[in-house]
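Trainee: The structure follows.
A short reminder: the numbers here are calculations on the coordinates, not readings from a lab. Being a predicted model, the structure only gives us computed values, none of them experimental. Because the Cβ atoms are built from the backbone with ideal geometry, glycine has one as well, and the counts that use them run over all protein chains shown.
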Amino acid sequence: MYQEYFGLTEAPFSITPDTSYFYQHGHYSEALNTLLVALRAGEGFIKVTGEVGTGKTMLCRMLLNTVEDRFVTAYIPNPMLTPYGLQSAVADELGLDMSRHYGHHQLLKMISNRLIELTNDGKNVVLCIDEAQAMPVETMEALRLLTNLETEKQKLLQVVLFGQPELDERLNEKEVRQLKQRITFSYQLKPIDREGMELYLTHRLNVAGYKGGNLFEINAMGSLFKASRGIPRLINILSHKSMMSAYGQGTKYVNNNNMRAAIKDTEDAQLRSSDNKKFIWVIVAASLFVVSIATYFYAK
């Protein structure tokens, strides 16, 4: 819509997890490096948690694209499965023929034989599970049992869990305490800080082909940071809408009015009421101070 107007080759703030836009900065780079180190060390379970919209799926996709050729990767985007459903999904990701129904024992044996075959070929198998907080307790236990498959020297299957903070609550349940004990590496994705957000905007604009100066005015970036709370998904949505607003008004830069229009149009990104409350309290305090001074001099 506005790409040509701003000199872009593509939309820079899409919310789809395009790894060409991966933000190699701060804790995102640190999280990716932590995952790579843990996988190379042969650890069994690795966990990454973060609030909604902080970039867990992007990180997961980046990991899948970054690991060396000696890793065979399997990806389950929706783990709300029965134990058998999980086994079937893993078998399918490993390239096993799932054209007919197999019993639990036969399916587990097929998975085991396939993992041994890949290990003998010098491969490490990594299973990445997104939205892991949605996994039923009984399926978590089935996952743990899958990771019991091992040789005398190494695990046949490594697992990376990506989930919202609710995943930690699930892992605190008594029924899955054995799985929790097997998590050897964990990382928490946090929102981007103000400085990082400015670099994030520049990075995405550059990837999209932008050649101009600062597209977002300072006040607009201030409002963006407050309303988005540093969450990448909200930053993308508000940046996209504010650019549409600027395009509609025929301006070459996103000003604070454009950004506030975007914020007003986005339900989860309203400017925090606490900001307004602070302002009101300042006015009230100042008024009380003036009244007290006036009362003091009147009494004299």
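Trainee: Sort 18-25, 251-258 for me by packing, meaning the mean count of neighbouring Cβ atoms within 10 Å per residue, highest on top.
Mentor: Values: 18-25: 15.0, 251-258: 18.4.
So the peptides 18-25, 251-258, ranked by packing, come out 251-258, 18-25.
Trainee: Between the stretch 66-91 and the stretch 20-48, what is the C-alpha centre distance in whole Å?
Mentor: 18
Trainee: Follow-up question, since we're still on this one. Tilt of helix 218-228 relative to the longest C-alpha principal axis of the chain, in degrees (0 to 90, nearest 10)?
Mentor: Tilt of helix 218-228: around 50 degrees.
Trainee: In whole Hz and in residue order, list the ³J(HN,Hα) couplings for the stretch 59-74 that follow from phi through the Karplus curve 6.51 cos²θ - 1.76 cosθ + 1.60, θ = phi - 60°; x for Gly and Pro.
Mentor: Each residue of the stretch 59-74 in turn: 4, 4, 4, 5, 4, 4, 7, 9, 4, 5, 4, 6, 9, 9, 10, 10 Hz.
Trainee: Which of the lysines could a cross-linker span from K226 if the Cα-Cα distance has to be under 17 Å and same-chain partners fewer than 8 positions apart are dropped?
Mentor: K190, K241, K264, K277, K278
Trainee: Please list, or write none, the aspartates and glutamates whose alpha carbon is within less than 15 Å of the alpha carbon of K180, excluding same-chain residues fewer than 8 places away.
Mentor: Cross-link targets: E43, E138, E141, E166, D168, E169.
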